[in-house]
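First comes the structure, then the notes that go with it.
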Amino acid sequence: MDGIRVGTASWTDKSLIDSGEFYPSDVNTPEGRLQYYAGHFPLVEVDSSYYAMPTVRNAMLWAARTPNDFVFDIKAFRLFTQHQTDPHVLPPDIREALGPVGKKNVYYRDLPAPLLDELWLRFAMAIEPLRRAGKLGAVLFQFPPWFVPSPASLAHIGACAEKLPGCRIAVEFRNKAWFEGKRSAWVLDFEREHGLSHVVVDEPQGFSSSVPTLWEVTSPELAVVRLHGRNRDTWEKKGLGSSTERFNYLYKEEELQGLTEGVRQLADTARSVHVLFNNNFGAYAQRNAMEFRQLLT
């Protein structure tokens with residue numbers, strides 16, 4: 001287990017809390033839940049930073065409420081990864097400076113450079129307390145299915161990394177075109193050249209958004225594995241009641257056992273390996289993360 005950390009993507013999902021299967025009934029505050037979670041796992045992924053810009057205050061609280069060796073992976077703000085973004089989730093002064101947009105969502109290309117620079121600065125400042133405390137793992141850039149391979153896309157990835165000097169950057173794609181044929185070597189070489197951590201994914205196959213599981217290390221410092229479950233029925237289903245339904249999948253023991261070899265191979269090359277269960281339906285992720293740690297040992 002040296003160098004391998006196992007955790008889950010989020011510790012505050014409504015589905016997890018409502019399930020009553022992980023937190024005791026008397027653990028019912030944000031502080032209590034994080035401390036309880038950190039008593040069971042050494043790693044967590046913050047997904048709230050994808051939906052809205054993180055804050056310095058929250059990062060300071062997270063650092064103060066967790067053990068010295070606890071680590072947070074931070075998901076990059078959705079605008080940075082070229083996802084559609086409701087202007088109302090932007091900081092009020094940024095939204096005001098942007099002015100009327102005339103459409104429901106904005107994209108990275110819609111914001112002038114000075115506003116983008118300010119957002120990047122604030123994001124970096126918000127995660128700085130974790131970095132100073134030695135608790136910042138990776139900043140995860142999860143790009144959408146419509147972010148397709150091209151020189152312009154690679155240039156954007158490189159620019160994102162340059163905006164966060166001193167941070168470990170992990171890259172996850174959601175379009176299989178990135179790893180089709182000879183392009184796979186091209187993409188992995190780019191990640192190695194720029195010191196970016198390739199995110200190994202486990203997810204349903206056969207869709208345009210399905211990325212193959214490539215057990216590759218592109219940064220000697222860190223390898224990242226994200227496990228999304230294997231529910232083919234919900235992976236691209238429209239009209240789901242909540243995003244958690246998409247990840248309604250509990251890994252069987254034999255499936256977890258089959259993943260241990262790949263994780264160990266990564267640990268032979270990378271100094272640290274982060275394994276994150278993203279099957280966030282009820283307490284499935286927490287159950288599988290505990291089982292996986294037992295299998296590794």
Just how large is the dipole of the range 89-151 about the Cα centre, in debye to the nearest 20, putting +1 at every Lys and Arg Cβ and -1 at every Asp and Glu Cβ? 240 debye
Pairs from K104/K237; K103/K182; K135/K182 whose Cα-Cα separation, in the structure shown, is over 31 Å: K103/K182; K135/K182
For L295 and Y108, what does the FRET efficiency come to when R0 = 35 Å and r is the distance between their Cβ atoms, rounded to the nearest 0.05? 0.30
Can you spot the aspartates and glutamates whose alpha carbon is less than 16 Å from K14's alpha carbon? Ignore those fewer than 8 places along the same chain. E31, E45, D47, E245
In which sequence would E128, E193 go, from the one with the fewest C-beta neighbours within 10 Å to the one with the most? E193, E128
Let a ≥ b ≥ c be the square roots of the eigenvalues of the Cα gyration tensor of the range 140-297; is it rounded (a/c under 1.5), or, if not, prolate (a/b larger than b/c) or oblate? oblate
Please sort 24-30, 153-159, 102-108, 182-188 by packing, taking for each peptide the average over its residues of neighbouring beta carbons within 10 angstrom, highest first. 153-159, 182-188, 102-108, 24-30
Pull out the extension gain between D268 and A124, defined as 0.36 nm times the separation in residues minus the alpha carbon to alpha carbon distance; nm, one decimal. 48.7 nm
By average Cβ neighbour count within 10 Å, what is the ranking of 275-283, 86-94, 35-43 from highest down? 275-283, 35-43, 86-94
Can you give the direction-averaged projected area of the convex hull of the alpha-carbon atoms in the chain, in nm²? 15.4 nm²
Expressed as a rounded percentage, what relative contact order does the chain have, with Cα pairs under 8 Å and six or more residues apart? 21 percent
Spherically averaged projected area of the range 1-155 from its Cα convex hull (nm²): 11.5 nm²
Rounded to the nearest 20 Debye, what is the dipole magnitude of the chain about its Cα centre when Lys and Arg each give +1 and Asp and Glu each give -1 at the C-beta? 440 debye
Which value in deg cm²/dmol, rounded to the nearest 500, describes the helix-derived mean residue ellipticity at 222 nm for the chain, given -39,500 (n - 2.57) per DSSP H run of n ≥ 4 and division by the residue count? -11000 deg cm²/dmol
For the range 105-195, what does the convex hull of the Cα positions come to per residue, in cubic angstrom? 109 Å³
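Just so you know, all these numbers are worked out from the coordinates, no wet-lab data involved. Nothing here was measured: the structure is a model prediction, and the numbers come from that model. Ideal geometry is used to build each Cβ from the backbone, glycine not excepted, and the neighbour counts take in all protein chains shown.
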